[in-house]
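Q: Supplied in structure tokens, the structure appears directly below.
The values are calculated or read from the model by the stated rules, or taken from the named source; none is laboratory data. In this text the structure is predicted, and so the values were computed from the model without any measurement. In this analysis, Cβ positions are derived from the backbone assuming ideal geometry, glycine residues included, and neighbour counts consider all displayed protein chains.
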Amino acid sequence: MRRDSQESFLDRENRERGERRRDSGTSRVKANNKNFVEQMRIWAEGHASRYGRVTAADVRGHANRIGVEPEHPNAWGSVFKDKRFVQLGTEISSTPSRNAGIIRIWGLAK
């Protein structure tokens, strides 16, 4: 019987492989959407500075108002893959396409 706190070699190997694939995909999305990601980061940083927090939903709202959209939907999350942001918590997304999924709440790193 395996304890929950123990991780088998295969489980660890699969998790690490998944993390490498995730990180590689995030890097590709970021590279292909560089202008979008940087533009949204600047806005998100200002929003977090003013209000103490920012979410992908906030970024989506801003992008919709100014009429921009990323080439790939994963670019929304790439906005926060930066040392300027730290996760503060989570909340339920109000974006219909997210189907009430969990999104992260971000703040500025100190």
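Q: Which one of Gly25, Gly18, Gly107, Gly46 is modelled with pLDDT of 90 or more and in a helix (DSSP H, G or I)? Give the derivation first.
A: On the way: Gly25 fails: modelled with pLDDT of 90 or more; Gly18 fails: modelled with pLDDT of 90 or more; Gly107 fails: in a helix (DSSP H, G or I).
Sole residue among the options that is modelled with pLDDT of 90 or more and in a helix (DSSP H, G or I): Gly46.
Q: Name the residues in region 83-102 that are of a type in the set (Val, Ile, Thr), touching a Gly at 6+ places or on another chain (Cβ under 9 Å) and at pLDDT 90 or above, would you?
A: Val86, Ile92
Q: Report, by residue number, each residue of region 67-82 that is part of a loop (DSSP other than H, G, I, E, B), at pLDDT 85 or above and either acidic (Asp, Glu) or surrounded by 13 or more Cβ atoms within 10 Å (Cβ to Cβ) (or both).
A: Glu69, Pro70, Val79, Phe80, Lys81, Asp82 - these are the residues of region 67-82 that are part of a loop (DSSP other than H, G, I, E, B), at pLDDT 85 or above and either acidic (Asp, Glu) or surrounded by 13 or more Cβ atoms within 10 Å (Cβ to Cβ) (or both).
Q: Write out, first by first residue and then by second, each pair whose Cβ atoms fall under 9 Å of each other, whose residues are 6+ apart or on separate chains, and whose first residue, in region 6-30, is more than 20 Å from Val79 (Cβ to Cβ) while the second is part of a helix (DSSP H, G or I) and modelled with pLDDT of 70 or more.
A: From region 6-30, the pairs are Glu7/Arg15.
Q: Kindly list, by first and then second residue, each pair from a residue in region 43-59 that is touching a residue at least 60 places away in the same chain (Cβ under 8 Å) to a residue that is buried (at least 21 other Cβ atoms within 10 Å of the Cβ), limited to pairs with Cβ atoms under 7 Å and residues at least 6 apart or on different chains.
A: Ala44/Val54; Ala44/Val59; Ala44/Val79; Ala48/Val54; Ala48/Trp106
Q: Restricting to region 59-102, name every residue that is among the charged types (D, E, K, R) and more than 18 Å from Asn33 (Cβ to Cβ).
A: Arg65, Lys83, Glu91, Arg98
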